[in-house]
Amino acid sequence: MLQTAQIRAARALLGWNQAELAKTARVSIATIRRIEAQKGPVGGYVSTLVRIQTAFEQAGIRFLDIDAGGGIGVRLVGPKP
């Protein structure tokens, strides 16, 4: 499950502000602000979350889940072709 900290971290890796994420994901900036103000798992409409995650993944972000190697995170792997 996507965490709000991962969204903030992904934006930082890409150098995007909230407006750039909103434009790329085709959601309102108010939605991005609301999501990022939360703690823990991202809440909201599934379609909105899919748009946000897809925008990041197309820009080269890989979301990392909790596993034996550590906690949640993000990695910049390069844009998808």
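The values are calculated or read from the model by the stated rules, or taken from the named source; none is laboratory data. Just so we're clear, the structure is a prediction, and the values are computed from it rather than from any experiment. Every residue, glycine as well, gets a Cβ built from its backbone with ideal geometry; the counts of neighbours run over all protein chains shown. Surface accessibility is based on the protein's heavy atoms, side chains included, excluding ligands, DNA and RNA. Shrake-Rupley method; radii C 1.70, N 1.55, O 1.52, S 1.80 Å.
Values for this structure:
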quantity	calculated
ILE61 long-range amide H proximity, modeled H, under 5 Å	VAL77
Heavy atoms of LEU49 accessible to a 1.4 Å probe, total area in Å² rounded to 10	40 Å²
Estimated dipole of the chain in Debye, rounded to 20 [Cβ of Lys and Arg +1, of Asp and Glu -1, Cα centre]	240 debye
Built amide H within the under 5 Å cut-off of GLN3, gap 5+	VAL42
Probe 1.4 Å, protein heavy atoms only - accessible area per residue of the chain in square angstrom	62 Å²
18 Å cut-off, amide nitrogen to a point 7 angstrom out along MET1 Cα→Cβ, residues in region 36-69	36-53, 63-67
Structure-based [θ]222 nm, the chain - -39500 (n - 2.57) summed over DSSP H runs of at least 4, per residue, nearest 500	-15000 deg cm²/dmol
Listed residues ILE66, ILE72 arranged by accessible area, highest first, probe 1.4 Å	ILE66, ILE72
Charge dipole (the chain, unit charges on Cβ, about Cα centre) - positive-most of GLY78, TRP16, GLY43	TRP16
Sequence-distant residues sharing a close amide H with VAL74 (under 5 Å, placed H)	LEU64
Coarse-grained scattering of the chain at q = 0.16, 0.17, 0.20, 0.25 Å⁻¹, given as base-10 log I(q)/I(0) from a Debye sum over alpha-carbon atoms	-0.54, -0.61, -0.85, -1.33
Accessible carbon and sulfur surface of the chain relative to its total accessible area, %, 1.4 Å	55 percent
